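Coordinate-derived values only; no laboratory data. This is a predicted model, so every value here is computed, not measured. Here Cβ is always computed from backbone atoms with ideal geometry, including for glycine, and neighbour counts include all displayed protein chains.
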Amino acid sequence: MTLQEKLRASRVLPVVTATNVSSTVQLARALHRGGMTAIEITLRTAVAMDAIIAVKQEVPGLLIAAGTVTTPAELAQVVDAGVELALSPGATPALLEAAADAPLDFVPGVASASEVMNALDHGFSICKLFPATTLGGESMLKSLGGPFPDVLFCPTGGLNPKNYRRFLALPNVVCCGGSWMATADLVDNSRWDDIEELAREAMLEH
């Protein structure tokens, strides 16, 4: 499968902040049972890399993505862990150059037309729009569709059960990112059935 096909199949990429390895594995299992095909585990905590490796081993049917990759050094760590996909909230020239040469798929974060052009210059035509709703949400994506008809976006930041389907309906949105099915409250209280149900609902096409 191409990156575009993988992301389109994932529909909603659950953005997870791992605070505990075992609970992150249980979370991943619940999301997978609910029909989700991918998970983004952000590199925001000390246990993130351990959680990524554990989920990769314990939930083999799930595409594991590393999120919040901000430096070439972090990208190298992710590659060493055998991760297939990395996403960034933004992108420096050094990160784009490292990602262009790395043996994995990469989705750079963008927040402007200039940043989209920079991503394209490095060979990336699928970008993460972040923080999506703060930047103008649907209207921003429609505006970017004019000058960049061949660029696809994964909007993340501010998406929720009430608005994400409007984003997915846009022709230049390949998938979206959200954390409402994997909140700290749900995970800390081991509400795996509720997480599974929220995942199932998110994957439904209404």
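Projecting the Cα positions of GLY82, GLY178, LEU104 onto the charge dipole of the stretch 3-203 (unit charges on Cβ atoms of Lys, Arg, Asp and Glu, taken about the Cα centre) puts GLY178 furthest along the positive direction.
Full extension of the chain segment joining ARG200 with ALA46 gains 52.5 nm, where the gain is 0.36 nm per residue of separation less the Cα-Cα distance.
Based on the alpha-carbon set only, what is the convex hull volume of the stretch 67-123 divided per residue, in Å³? Could the numbers behind the result be given before it?
Details: hull volume 3.5 nm³, N = 57.
Cα convex hull per residue, to the nearest whole number: 61 Å³.
Phi angles of the stretch 171-177 translate, via the Karplus equation with coefficients 6.51, -1.76, 1.60 and θ = phi - 60°, into HN-Hα couplings of x, 9, 9, 8, 6, 9, x Hz per residue; Gly and Pro are given as x. Per-residue ellipticity at 222 nm from helix content only, as computed over the chain with -39500 (n - 2.57) for each DSSP H run of at least four residues, stands at -12500 deg cm²/dmol. The alpha-carbon of LYS6 sits under 20 angstrom from the alpha-carbons of these lysines, leaving out residues fewer than 8 places away in its chain: LYS56, LYS128. Taking amide H atoms as placed 1.01 Å from N in the peptide plane, the amide H of VAL16 lies under 5 Å from those of GLU40, ILE41, THR42, each 5 or more residues away in sequence or on another chain. Evaluated with a Cβ-only charge set (Lys, Arg +1; Asp, Glu -1), the stretch 1-106 carries a dipole of roughly 500 debye about its Cα centre, given to the nearest 20. The alpha carbon centroids of the stretch 94-123 and the stretch 1-49 are separated by 22 Å. Reported value for the stretch 1-105: 92 Å³ per residue, from the convex hull of its C-alpha atoms. Contact order for the chain, expressed relative to its length and based on alpha carbon pairs under 8 Å spaced 6+ residues apart, stands at 23 percent. Remark: C-alpha extents of the stretch 45-193 on the principal axes read 43, 38, 24 Å, sorted largest to smallest. Taken about its Cα centre, the stretch 3-203 carries a charge dipole of roughly 560 debye when the Cβ of each Lys and Arg holds +1 and the Cβ of each Asp and Glu holds -1. Packing-based ranking of 35-43, 89-97 yields 35-43, 89-97, ordered from highest to lowest mean Cβ neighbour count within 10 Å.
In the stretch 59-100 the Cα-Cα distances spread across 5 Å bins starting at 0 as 5, 24, 34, 21, 8, 5, 1 percent of all pairs.
Pull out the extension gain between ARG165 and ALA113, defined as 0.36 nm times the separation in residues minus the alpha carbon to alpha carbon distance; nm, one decimal. Don't skip to the answer; put the middle values down first.
Working: separation 52, 0.36 × 52 = 18.72 nm, distance 2.38 nm.
Computed gain between ARG165 and ALA113 is 16.3 nm.
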